[in-house]
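Colleague: Supplied in structure tokens, the structure appears directly below.
The values are calculated or read from the model by the stated rules, or taken from the named source; none is laboratory data. From a predicted model like this one, the values you see are computed outputs, not experimental measurements. Note that we place each Cβ from the backbone using ideal geometry, even for glycine, and neighbour counts take in every protein chain shown. Please note that ligands, DNA and RNA were not included when accessible areas were found on the heavy atoms of the full protein model with its side chains. Shrake-Rupley method; radii C 1.70, N 1.55, O 1.52, S 1.80 Å.
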Amino acid sequence: MTSTTPQSAQAGGPALPQERRVVTAIPGPKSQELHARKLASVADGVGNVLPVYVQRAGGGVVEDVDGNSLIDFGSGIAVTSVGNSAEAVVRRAAEQLADYTHTCFMVTPYEPYIAVAEALAELTPGDHAKKSALFNSGAEAVENAVKIARAYTKRQAVVVFDHGYHGRTNLTMALTSKNMPYKHGFGPFAPEVYRVPVAYPYRWPTGPENCAEEAAAQAIDQISKQVGAENVAAIVIEPVLGEGGFIEPAKGFLPRIAQFARDHGIVFVADEIQAGFCRTGQWFASEDEGLVPDLITTAKGIAGGLPLAAVTGRAEIMDAAHSGGLGGTYGGNPVACAAALGAIETMRELDLCARAKRIEEVMKPRLAKIAENQPAIGDIRGRGAMIAIELVKPGTKEPDAELTAKLARACHQAGLLILTTGTYGNVVRFLPPLVIGEDLLNEGLDVLESAFAELA
Ligand code: PLZ
């Protein structure tokens, strides 16, 4: 992972310097001007983590309109894993733009959609016959996975987990666990959604050793007693819970739940929207425990920043919906499909799974070192380039959302773009583009360390 890679992985135009550079206040005057226009013209419900307005982005940096260059530890929420404007993404999408932008796959189909479905069949876990359907957003993919599972099982109930996140549409709001900001005031929510415990090692009452077994037993007991396994169409879970706080379910929990699903004819859906496409050091996070989900939902990293999402799974399940039952005007847009083929090409060529693992190798020991002097760091977790720290009041497990917000602000001021997450708002998450240079990665961690020291 050298600093030359980001430039070579980036599309035309002058190479974007791979450096942190803070030349104005953050946000600077031009950003502030744009933000005033935003506040006057864009609905207040659409928030911003950091109102720094973007000029260019690529490799491991985001450059703003004031000439500041921020180290990117967010990837637009785990999307630009291949970097922004990755060469193959831009090349393929541009060629596609020139040929045709849209015909609607349901009207007159085209090859790039099929090529993406073929790639998904090849890359997702399991060697069974697979099929895919393409959509525009992660939420739309999850909704369709539920539609497909219901059509296949002729059952209605959907089981999800504490701390789960699956989107902002009506059904996916119901599937999402956190009220504020995702659900508050937006009900009523879709029926037949049931939430059960997840194996959250750091916060399991009897300790991490017992977590997998006890959580699985509780989840299965609740499903069996409160819903009835024979009524459940789908169990939907993120193999690493993203918005819930980068929770890795204790080892053994996911296989146990998947086995329960198999035993009862329930469709097991892995929501890999945030964790998939090399992010955790595997093509899909499910692979780490040898899971072969019946259906997988993907989005985010799939297309290098263009909107695309997919449901991929067992052919007999995918085919359960009647012809014409799945679709949408834009689903599998040809430009987004071309971008996905470019992103997948980049992941393969640069072996981005290996890079994600290397990012973990660099980050985890440095975070552990920082934690030696920072008792607020209660937990360091995640894998690959999906790493997080959970912040608590020292000596307790009481979430410290205030410190988390302050830390994020301090990092932003110093030119490091980081995101927070978690049900309690007390998790700092690190999602660098997988093509980030190792020097930038280390510099970002230096900034984090200084920010902690300043706040202590
Ligand atoms: N499933 C696992 O992580 C999106 C949400 C950002 P969409 N996560 C980022 C926000 O605050 O809206 C996500 C996810 C998982 C589904 C989704 C939904 O994907 O593309 O945002 O609809």
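Colleague: Within segment 151-172, is even one residue within 16 Å of the ligand (Cβ to nearest atom), over 20 Å from Glu272 (Cβ atoms), in a loop (DSSP other than H, G, I, E, B) and open to solvent by less than 50 Å² (accessible area, probe 1.4 Å)?
Modeller: Within segment 151-172, not a single residue is within 16 Å of the ligand (Cβ to nearest atom), over 20 Å from Glu272 (Cβ atoms), in a loop (DSSP other than H, G, I, E, B) and open to solvent by less than 50 Å² (accessible area, probe 1.4 Å).
Colleague: Please find, within segment 35-55, the residue that is farthest from Val89 (Cα to Cα) out of those that are open to solvent by less than 80 Å² (accessible area, probe 1.4 Å) and in contact (Cβ under 8 Å) with a residue 40 or more places away in the chain.
Modeller: The residue in question is Gly47.
Colleague: Out of the residues in segment 86-102 that are among the small types (Gly, Ala, Ser) and either assigned by TED's automatic domain parsing to the domain that holds Asp72 or touching a Ser or Thr at 6+ places or on another chain (Cβ under 8 Å) (or both), which is surrounded by the most Cβ atoms within 10 Å (Cβ to Cβ)? Show your work before the answer.
Modeller: Here is the first cut: in segment 86-102, the residues among the small types (Gly, Ala, Ser) are 86, 88, 93-94, 98.
If we keep only those that are either assigned by TED's automatic domain parsing to the domain that holds Asp72 or touching a Ser or Thr at 6+ places or on another chain (Cβ under 8 Å) (or both) as well, we get 86, 88.
Working: Ala86: 29, Ala88: 23.
Restricting to residues being among the small types (Gly, Ala, Ser) and either assigned by TED's automatic domain parsing to the domain that holds Asp72 or touching a Ser or Thr at 6+ places or on another chain (Cβ under 8 Å) (or both), the top hit is Ala86.
Colleague: Ok, one more. Could you check Asn231 against (1) within 30 Å of Ala303 (Cβ to Cβ); (2) more than 21 Å from the chain's Cα centre (by Cα) and say which number it fails?
Modeller: (1)
Colleague: Could you tell me how many of the residues in segment 179-210 are under 17 Å from Val158 (Cα atoms) and in a loop (DSSP other than H, G, I, E, B)?
Modeller: Residues of segment 179-210 that are under 17 Å from Val158 (Cα atoms), as a first pass: 188-198.
Now narrow it down to the ones that are in a loop (DSSP other than H, G, I, E, B): 188-192, 197-198.
Result for segment 179-210: 7.
Colleague: Specify which of the listed residues (Ala129, Ala141) is touching a Phe, Trp or Tyr at 6+ places or on another chain (Cβ under 9 Å) and in contact (Cβ under 8 Å) with a residue 12 or more places away in the chain.
Modeller: Values: Ala129 fails: touching a Phe, Trp or Tyr at 6+ places or on another chain (Cβ under 9 Å).
Answer to the selection: Ala141.
Colleague: Under 7 Å between Cβ atoms, at least 6 apart or on separate chains: pull out the pairs that start in segment 176-197 with a residue that is in the same structural domain as Lys225 (by TED's automatic domain parsing) and in contact (Cβ under 8 Å) with a residue 12 or more places away in the chain and end on any residue that is away from the ligand (no atom under 16 Å from the Cβ) and in a loop (DSSP other than H, G, I, E, B).
Modeller: From residues that are in the same structural domain as Lys225 (by TED's automatic domain parsing) and in contact (Cβ under 8 Å) with a residue 12 or more places away in the chain, the pairs are Glu192/Gln156.
Colleague: Sticking with this one: Please go through segment 270-302 and give me each residue that is open to solvent by less than 10 Å² (accessible area, probe 1.4 Å) and more than 11 Å from the ligand (Cβ to nearest atom), ordered by number.
Modeller: Scanning segment 270-302 gives Phe277, Cys278, Thr280, Gly281, Phe284, Ser286, Pro293, Leu295, Ile296.
Matching residues to (1) of a type in the set (A, V, I, L, M, F, W, C); (2) touching a Phe, Trp or Tyr at 6+ places or on another chain (Cβ under 8 Å); (3) in a helix (DSSP H, G or I):
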{"site": "Gln259", "(1), (2), (3)": "no, no, yes"}
{"site": "Thr280", "(1), (2), (3)": "no, no, no"}
{"site": "Ser286", "(1), (2), (3)": "no, no, yes"}
{"site": "Val335", "(1), (2), (3)": "yes, no, yes"}
{"site": "Ala343", "(1), (2), (3)": "yes, yes, yes"}
{"site": "Thr346", "(1), (2), (3)": "no, no, yes"}
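Colleague: Looking at this structure, is Phe105 more than 14 Å from the ligand (Cβ to nearest atom), in the same structural domain as Thr298 (by TED's automatic domain parsing) and crowded, with 22+ Cβ neighbours inside 10 Å?
Modeller: Against the criterion (more than 14 Å from the ligand (Cβ to nearest atom), in the same structural domain as Thr298 (by TED's automatic domain parsing) and crowded, with 22+ Cβ neighbours inside 10 Å), Phe105 qualifies.
Colleague: Would you mind stating whether Pro112 is free of Cβ contacts under 8 Å to residues at least 12 places away in the same chain, over 26 Å from Glu248 (Cβ atoms) and not β-branched (Val, Ile, Thr)?
Modeller: No: the conditions fail for Pro112.
Colleague: Ile387: free of Cβ contacts under 8 Å to residues at least 40 places away in the same chain, surrounded by 15 or more Cβ atoms within 10 Å (Cβ to Cβ) and not in a helix (DSSP H, G or I), yes or no?
Modeller: It is false that Ile387 is free of Cβ contacts under 8 Å to residues at least 40 places away in the same chain, surrounded by 15 or more Cβ atoms within 10 Å (Cβ to Cβ) and not in a helix (DSSP H, G or I).
Colleague: Looking only at segment 56-74, which residues are crowded, with 16+ Cβ neighbours inside 10 Å and in a loop (DSSP other than H, G, I, E, B)?
Modeller: Gly59, Gly60, Val65, Asp66, Asn68, Phe73, Gly74
Colleague: Follow-up question, since we're still on this one. Of these, Lys225, Lys251, which one is more than 16 Å from the ligand (Cβ to nearest atom), part of a helix (DSSP H, G or I) and either without any contact (Cβ under 8 Å) to a residue 40 or more places away in the chain or of a type outside the set (A, V, I, L, M, F, W, C) (or both)? Spell out the reasoning first.
Modeller: Details: Lys251 fails: part of a helix (DSSP H, G or I).
Exactly one residue qualifies, and that residue is Lys225.
Colleague: Pick from Ile237, Ile220: which is within 22 Å of Val292 (Cβ to Cβ), more than 16 Å from the ligand (Cβ to nearest atom) and surrounded by 16 or more Cβ atoms within 10 Å (Cβ to Cβ)?
Modeller: From the options Ile237, Ile220, the qualifying one is Ile220.
Colleague: Something else about it: Residue by residue through segment 119-143, note down the ones that are within 16 Å of the ligand (Cβ to nearest atom) and open to solvent by less than 20 Å² (accessible area, probe 1.4 Å). Quick ask: steps written out before the conclusion?
Modeller: Here is the first cut: in segment 119-143, the ones within 16 Å of the ligand (Cβ to nearest atom) are 124, 133-143.
Once the filter is applied, which keeps residues that are within 16 Å of the ligand (Cβ to nearest atom) and open to solvent by less than 20 Å² (accessible area, probe 1.4 Å), segment 119-143 yields Thr124, Ala133, Leu134, Phe135, Gly138, Ala139, Ala141, Val142.
Colleague: A further question follows. Conditions: (1) closer than 30 Å to Leu419 by Cα; (2) crowded, with 20+ Cβ neighbours inside 10 Å. Ile77 meets all but one. Number of the miss?
Modeller: (2)
Colleague: Might you check whether a residue that is of a type in the set (A, V, I, L, M), touching a Lys or Arg at 6+ places or on another chain (Cβ under 7 Å) and closer than 22 Å to Pro201 by Cα occurs anywhere in segment 371-384?
Modeller: yes
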